[in-house]
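Working notes, structure below.
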Amino acid sequence: MKDTKPHFQKIITKNWLKKNTEFNAIMKSSGILCQWLKYLLPPYDKDFACGIHQYLVKEYILQIMKRKMRLNKLRRKRAAQKMREEGDLINKAADDMGSDLDTLHHAIHCISEIIGAKKKVEIEPKLDQLFHLHPDISEDHILCILHLHGIRKSTKLLRHFQKLQESQQPIPSSQDSQQPPLFSAIECSPQVACFTL
């Protein structure tokens with residue numbers, strides 16, 4: 001999948017909003033790789049499929065964490081819609097491969113809903129959902145998502161997120177332990193000066 005990294009680096013950018021070239025190249029490479037699934041026997045075929053699924057979602061979200069741009073309200077709707085559409089395509093590919101990492105299906109969608117929110121008050125329940133699905137998400141990850149949204153002052157939202165962390169209950173051992181952590185494997189870029197689109 002190393003050949004997809006240059007394409008991933010070009011998404012969540014100004015050109016990404018206008019064109020599908022880079023994302024299409026990512027999905028094409030993934031499709032070629034998935035052809036190897038027919039040569040694998042269980043359980044290696046599912047492990048392979050889950051690995052590709054996790055890689056695609058992780059690399060996609062990683063681009064959001066790089067603070068490449070800050071959206072204005074005119075571009076926010078388009079970016080959120082594009083993220084939902086691309087999330088759907090990743091999910092479809094994962095389903096076709098046989099991945100059973102269900103929580104990954106919602107990660108990009110949750111973030112896209114935060115990006116598309118018109119008011120801060122709409123973001124809190126979406127933070128709840130994202131934290132419930134991925135309790136390994138950190139405050140730094142939230143700051144990167146809010147940065148892309150275009151929010152400059154986020155004290156209230158961060159306080160809400162901190163309360164979520166404080167109230168987190170231990171996950172019962174009976175719950176699905178096969179779902180790997182997502183955000184703990186994703187590094188956040190430090191805050192830097194960034195232009196608004």
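The values are calculated or read from the model by the stated rules, or taken from the named source; none is laboratory data. Small disclaimer: the values here were computed from a predicted structure and weren't measured. Methodologically, a virtual Cβ is constructed for each residue, glycine included, from the backbone with ideal geometry; neighbour enumeration extends over all protein chains shown. Ligands, DNA and RNA are stripped out before the accessible areas are found, and what is left, the full protein with its side chains, is counted by its heavy atoms. Shrake-Rupley method; radii C 1.70, N 1.55, O 1.52, S 1.80 Å.
Yes/no per residue for (1) closer than 19 Å to His109 by Cα; (2) touching a Lys or Arg at 6+ places or on another chain (Cβ under 9 Å); (3) of a type in the set (Lys, Arg):
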{"position": "Phe8", "(1), (2), (3)": "yes, no, no"}
{"position": "Pro43", "(1), (2), (3)": "no, no, no"}
{"position": "Lys58", "(1), (2), (3)": "yes, no, yes"}
{"position": "Met65", "(1), (2), (3)": "yes, no, no"}
{"position": "Asn72", "(1), (2), (3)": "no, no, no"}
{"position": "Glu86", "(1), (2), (3)": "yes, no, no"}
{"position": "Ala93", "(1), (2), (3)": "yes, no, no"}
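Checked against (1) among the hydrophobic types (A, V, I, L, M, F, W, C); (2) farther than 27 Å from Gln162 by Cβ; (3) modelled with pLDDT of 95 or more, Leu74 passes all but condition (3).
Of all residues in the stretch 89-138, those that are under 24 Å from Leu71 (Cα atoms), modelled with pLDDT under 95 and among the aliphatic types (A, V, I, L, M) total 1. Hey, any hits in the stretch 139-155 for a residue that's at pLDDT below 95, polar (S, T, N, Q), in a helix (DSSP H, G or I) and out of contact with any Pro (no Cβ under 8 Å at 6 or more places or on another chain)? Yes, because at least one residue in the stretch 139-155 is at pLDDT below 95, polar (S, T, N, Q), in a helix (DSSP H, G or I) and out of contact with any Pro (no Cβ under 8 Å at 6 or more places or on another chain).
Taking the stretch 160-197 as the range and being at pLDDT 90 or above and more than 15 Å from Ile137 (Cα to Cα) as the test, no residue passes.
Of note, Arg84 does not satisfy the criterion of being at positive phi and in contact with a Ser or Thr (Cβ under 9 Å, 6 or more places away or on another chain).
Applying the condition of being open to solvent by 90 Å² or more (accessible area, probe 1.4 Å) and either in contact with a Ser or Thr (Cβ under 6 Å, 6 or more places away or on another chain) or of a type in the set (Phe, Trp, Tyr) (or both) to the stretch 18-50 and asking which residue is farthest from Ile90 (Cα to Cα) yields Tyr39.
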